[in-house]
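All remarks here apply to the structure that follows.
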Amino acid sequence: MGIIINDKQNRIHLFTENTSYVLEVFEGELLHAYWGSRLELPEAFMVPIENMSSFYPNPNGDNKTYSLDILPREFPDFGRSDYRNPAIRLRLEDGSSITKFHVSSFELSKGKPVVPGLPATYAEDGDLVETLIVELIDDKSSIHAYLYYSIFETYDVITRHVQIVNKSQTNVLVDLAMSASVDFYGDHDFEMIHFNGSWARERELSRVSVSKSTHIIESRRGASSHMQNPLVLLARPSTTDLTGDVYGMNLVYSGNYKAVVEVNSYDSTRYQMGLNDFDFEWQIEPGKSFFTPEVVMTFSNEGFNGMSYNYHRLYQNRLCRGMYRDKERPILINNWEATYFDFDAQKIKDIVDVASDLEMEVFVLDDGWFGKRNSDTTSLGDWYVNKDKLPDGLTGISRYTESKELSFGLWFEPEMVSLESELYKKHPDWCLHTEGHSRSEGRNQLVLDLSREDVQNYIIESLDLILKSHPIKYVKWDMNRNMTEVGSKLLLASNQREVSHRYILGLYRILETITQKYSHILFESCSGGGGRFDPGMLYYMPQTWTSDNTDAHDRISIQYGTSYAYPQITMGAHVSMSPNHQVGREIDLERRTLTAMMANMGYELDLTVLTSHECEQLKNHIRYYKRIRRDIQFGRLYRIHHDEKRTAFMIESEDQKRYYVFYYRGLNRPNITKMTLPLYYLSEGGYQIRKIDIDTVIEDSIPHEDETVYPASYLNKKGYTFDYQKHDFDGQLLVFTKL
Ligand code: DGJ
């Protein structure tokens with residue numbers, strides 16, 4: 001019973017297990033009545049239509065009691081008395097942008113339709129998923145808009161996207177099309193939470209109070225970006241990780257997007273997400289459609305942890321695809337920070353030899369293996385092996401890796417071209433550019449024009465050639481600069497503002513082709529670290545390189561922010577060298593490992609320079625992680641504490657029998673008390689506690705120092721007191737096992 005439409009066809013109630021979302025129709029307008037904790041069937045008309053003074057423009061001469069500027073609208077169009085940010089703005093043949101979209105029909109369907117050409121969450125047989133499609137028509141222009149609402153009942157998630165169909169005889173221009181717009185009537189008691197950053201400082205959580213103005217979170221860079229993640233939350237001021245109401249919108253898209261939070265003079269809040277209208281326009285020909293990307297919306301009254309659980313479960317089970325969706329992820333060793341561009345076959349073999357002794361599972365050859373690439377100035381686009389470095393080619397190195405019982409993985413940056421490359425010499429027009437402007441370089445490279453089908457095909461064919469002829473089991477798909485001089489040689493002047501969206505559609509076509517053809521390969525996306533950590537990329541590649549910043553201290557806040565929407569299994573987390581290459585900080589191996597261990601753990605350091613003691617440590621760490629990784633990667637993550645000095649995460653195993661508490665401290669301070677933290681979430685029962693020394697623990701049978709059984713209620717309420725360690729950057733792991 002996910003969707004109920006009343007007899008008068010003027011109220012629709014969308015249910016999930018714990019939430020309700022209510023729409024109403026008033027004089028043909030689609031209104032937003034409610035979104036929040038689950039309601040019983042609301043019988044009364046819920047949107048108050050208030051008498052307005054005659055100073056307010058009003059769209060209906062026969063009923064002057066309201067203005068659209070006041071009503072909570074679900075698909076606000078432009079030009080008829082609502083002065084707030086619209087959800088749709090067209091440019092019509094007569095040059096105007098004014099539309100009057102009225103509700104025409106409702107349709108219900110089981111399951112969930114695909115969003116053509118775009119990534120989206122999906123339903124499987126037996127899922128409680130239903131879709132409502134509301135048809136709205138602007139009579140004057142003959143443009144129809146279909147609002148899709150898919151209800152994932154057991155996930156407490158509603159997804160939305162819009163299809164705009166041109167049923168007129170002429171082209172129409174879309175110059176703004178949001179995927180979702182929600183009006184909270186007379187309610188602005190919110191704070192906005194967003195995740196900003198830059199390279200090596202991704203997804204730092206910002207929380208701001210919402211004033212009577214428009215707040216915009218967006219990307220104009222051609223990628224979802226390091227700067228702002230397409231996740232924007234509205235929460236009550238009292239909401240914490242542990243308790244309170246929170247609303248989330250997260251866009252399944254990897255390019256320019258915009259989120260709007262607007263509070264008007266009547267204390268109402270408009271909350272929107274969709275494609276960025278900045279430098280955007282889309283021409284729809286007669287009979288054709290335009291689809292917006294999908295927004296994943298969730299509400300929780302159980303704090304940010306409740307919200308994250310909804311996102312994590314959905315993304316893990318109904319966004320990520322392929323055989324790795326449900327599989328434990330292998331422990332990889334990547335050579336980037338070990339060698340950068342400076343390697344030869346012998347160096348790689350030496351690393352592989354140690355990795356094999358340490359029982360790692362995948363060796364990943366990073367940047368520098370192709371063309372003449374000895375620095376970041378050349379060869380992107382020339383996807384053939386550099387025989388000076390690897391005389392026996394990829395065949396030799398991949399066979400060697402396999403002979404040492406590791407799978408072979410390879411790095412690509414397919415979306416780019418170096419100015420110094422054969423590809424650029426041959427096809428100088430294949431990059432994004434605008435005639436009359438010089439081409440801005442980023443990391444000495446240009447962005448290929450993925451809006452072109454010939455360029456898409458070149459990328460597909462180059463990758464195909466390599467993937468089909470080598471035993472490659474893992475691919476790291478990198479992308480290291482943002483777009484400039486956005487323009488495409490093949491498009492008409494009137495279509496130039498479509499380029500950045502066409503690029504993303506082209507990218508998705510390439511990703512779909514390659515990942516479906518090579519479904520046995522584990523793909524990891526990357527963008528100068530975590531510059532495209534978004535649900536769009538996760539649809540094709542079930543893990544993302546979280547950040548180039550692998551410092552064990554900085555990484556905690558990056559992984560903390562990332563965990564708001566994205567499950568720990570999706571977060572690539574590597575143990576790297578100390579002093580750290582990005583920040584120069586020295587942190588011991590145990591803490592570096594504990595930082596990676598709460599997520600999808602791997603390695604990125606020169607194994608050949610480790611001492612035998614360090615190798616012994618690593619061996620233990622790897623064996624231990626393999627033993628617990630099913631619990632860690634598929635368990636439920638709780639953020640139980642975070643301030644500038646300390647952070648604690650807890651992961652509950654799928655069977656709720658083991659709880660892993662990761663406790664991380666920053667700089668040490670003298671003369672402080674030990675920290676006691678309630679664990680809040682242990683399921684009922686008695687628990688034995690084990691402090692894990694990851695250097696020595698491997699087997700389950702390590703003796704408990706303390707055989708005391710603690711009741712869950714005690715640990716949840718009073719808490720656990722962590723040891724005080726007299727050094728900076730302490731890390732501790734405790735396992736609470738239910739008896
Ligand atoms: C940026 C990535 O984030 C790094 O991990 C590495 O692959 C480099 N690119 C290689 O150029």
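Below, the figures for the structure above:
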quantity: So Asp388, is it within 15 Å of the ligand (Cβ to nearest atom), part of a loop (DSSP other than H, G, I, E, B) and either β-branched (Val, Ile, Thr) or at pLDDT 95 or above (or both); calculated: no
quantity: Lone qualifier among Gln516, Gln559 - being buried (at least 24 other Cβ atoms within 10 Å of the Cβ) and either in the same structural domain as Glu415 (by TED's automatic domain parsing) or in a helix (DSSP H, G or I) (or both); calculated: Gln559
quantity: Looking only at the range 198-230, and only at residues there that are part of a loop (DSSP other than H, G, I, E, B) and over 22 Å from Gly274 (Cβ atoms), the one that is farthest from the chain's Cα centre (by Cα); calculated: Lys212
quantity: Residues of the range 579-609 classified as within 26 Å of Val735 (Cβ to Cβ) and away from the ligand (no atom under 16 Å from the Cβ), total; calculated: 11
quantity: Some residue of the range 532-554 being under 24 Å from Leu733 (Cα atoms), buried (at least 21 other Cβ atoms within 10 Å of the Cβ) and away from the ligand (no atom under 16 Å from the Cβ); calculated: yes
quantity: Any chance Gly381 is closer than 26 Å to Val455 by Cα, without any contact (Cβ under 8 Å) to a residue 40 or more places away in the chain, small (Gly, Ala, Ser) and within 16 Å of the ligand (Cβ to nearest atom); calculated: no
quantity: Pairs, first farther than 14 Å from Ser179 by Cα in the range 114-138, second surrounded by fewer than 21 Cβ atoms within 10 Å (Cβ to Cβ) and among the basic types (Lys, Arg), C-beta under 8 Å, six or more apart; calculated: Gly117/Arg509; Tyr122/Arg321; Val129/Lys110; Glu130/Lys110; Thr131/Lys110; Asp138/Lys100
quantity: Criterion violated by Glu654 - all others in (1) touching a helix residue (DSSP H, G or I) at 6+ places or on another chain (Cβ under 6 Å); (2) surrounded by 15 or more Cβ atoms within 10 Å (Cβ to Cβ) satisfied; calculated: (2)
quantity: When residues of the range 270-295 are limited to those that are part of a strand (DSSP E or B) and of a type in the set (Phe, Trp, Tyr), the one nearest to Pro119 (Cα to Cα); calculated: Phe291
quantity: Matching strands (runs of 3 or more DSSP E) fully within the range 61-175 where at least 1 residues are outside the structural domain of Tyr503 (by TED's automatic domain parsing) and among the hydroxyl-bearing types (Ser, Thr, Tyr); calculated: 101-110, 129-138, 143-152, 157-166
quantity: Per-region count, the range 401-421, residues in contact with a Phe, Trp or Tyr (Cβ under 9 Å, 6 or more places away or on another chain) and in contact (Cβ under 8 Å) with a residue 40 or more places away in the chain; calculated: 14
quantity: Candidates Arg203, Arg221, filtered to the one that is out of contact with any Phe, Trp or Tyr (no Cβ under 9 Å at 6 or more places or on another chain) and either surrounded by 18 or more Cβ atoms within 10 Å (Cβ to Cβ) or without any contact (Cβ under 8 Å) to a residue 60 or more places away in the chain (or both); calculated: Arg221
quantity: Any chance Asp241 is buried (at least 20 other Cβ atoms within 10 Å of the Cβ), assigned to a loop (DSSP other than H, G, I, E, B) and of a type in the set (D, E, K, R); calculated: yes
quantity: Residue in the range 654-661 that is in a strand (DSSP E or B), among the acidic types (Asp, Glu) and over 30 Å from Gly409 (Cα atoms) present; calculated: no
quantity: Qualifying residue in the range 465-476 (condition: under 21 Å from Leu118 (Cα atoms), over 21 Å from the mean Cα position of the chain (by Cα) and assigned to a loop (DSSP other than H, G, I, E, B)); calculated: no
quantity: Top-ranked residue in the range 420-434 [being under 22 Å from Gly506 (Cα atoms) and not in a helix (DSSP H, G or I); ranked as farthest from the ligand (Cβ to nearest atom)]; calculated: Thr434
quantity: Any hit, the range 623-645, residues being surrounded by fewer than 22 Cβ atoms within 10 Å (Cβ to Cβ), among the small types (Gly, Ala, Ser) and modelled with pLDDT of 95 or more; calculated: no
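The values are calculated or read from the model by the stated rules, or taken from the named source; none is laboratory data. Because the structure is a prediction, the values reported are computed rather than measured. Using ideal geometry, Cβ is built from the backbone for each residue, glycine included, and neighbour counts are taken over all protein chains shown.
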